[in-house]
Amino acid sequence: MKLGKIRSTRAVVRTFVVSLAAVLLAGAAGAASASPVAYSFATAAGPYGGSSGPVGLFASDATAFGSFDYDADAAPTGTAGNGATRYSGSLFDLSGTADGHVFSDPTGYTLVGNDVLTSGQYVDFLQLTYDPPPGIPGGTYNLVGFDVGDYTLVNVRMFWIEGQNGITDFLDDQSLPAVLPSFPGILALDFVDASGTPSQSVFFGGLSVSPVPEPPTAAMLLAGLGMLAFVGWVRK
């Protein structure tokens, strides 16, 4: 085979491989940006929440972990009492474990507040909430929880509040964040006792949430990068 034909064949192969790699990488990027996105969550050790109540029924080094789906494309559905915007179609498929106790919830909502009044101050506020507080008319209560002693789990919340744990201003408006915060937040498990008194919370600090890559996305990304590496090797 003549040298010109060899070079021409190599050029065609390189063009094909580069085009295929571009398609794979674009597919990976598209899959990664699609909603909803699966997230994992985990907390640091050491629940807290006062000297009495349900917190004393958890191990001192207890942690919580699990997963949920977050849809950043959900539309606003209302306004909370503190002025935060509510997004009811933003959370799905919560599944978690706290000190060996399992909980789950198929749907939830997100509250986004930019400079809203919280605990007497105007702060940025982001909260993922799975059930509304007990007794709210029209609320959807679908949490599958657990009991500890005389206490029953009635809600799960994850939140980030400006001014807590060194968190500074982190919201520009009240749109749903495209990506959840990378800095630590707090997980709250809300309980009521057998008499139905106002809820008491067990808090876990050091909450971290991270997107979970979809297997097809990771495969497409690796395949695309591998093809580009092959083209680079052929050119040597």
When you scan the stretch 171-198, how many residues do you find that are over 24 Å from G96 (Cα atoms) and surrounded by 16 or more Cβ atoms within 10 Å (Cβ to Cβ)?
2
Failed criterion for N142 (all others in (1) open to solvent by 30 Å² or more (accessible area, probe 1.4 Å); (2) at pLDDT 95 or above hold)
(2)
Does any residue of the stretch 30-37 turn out to be under 14 Å from the mean Cα position of the chain (by Cα), farther than 17 Å from A98 by Cβ and modelled with pLDDT of 95 or more?
yes
Check G96, G89, G83 and return the single one that is out of contact with any helix residue (DSSP H, G or I) (no Cβ under 7 Å at 6 or more places or on another chain) and within 19 Å of V154 (Cα to Cα).
G96
Flag for D73 being part of a loop (DSSP other than H, G, I, E, B), touching a residue at least 12 places away in the same chain (Cβ under 8 Å), closer than 19 Å to E214 by Cα and open to solvent by 40 Å² or more (accessible area, probe 1.4 Å):
yes
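The values are calculated or read from the model by the stated rules, or taken from the named source; none is laboratory data. Keep in mind it's a predicted model, so treat the numbers as computed, not measured. When we count neighbours, we look across all protein chains shown, and the Cβ atoms used for this are built from the backbone with ideal geometry, even at glycine. Side chains are part of the model used for accessible areas, which takes the heavy atoms of the whole protein and leaves out ligands, DNA and RNA. Shrake-Rupley method; radii C 1.70, N 1.55, O 1.52, S 1.80 Å.
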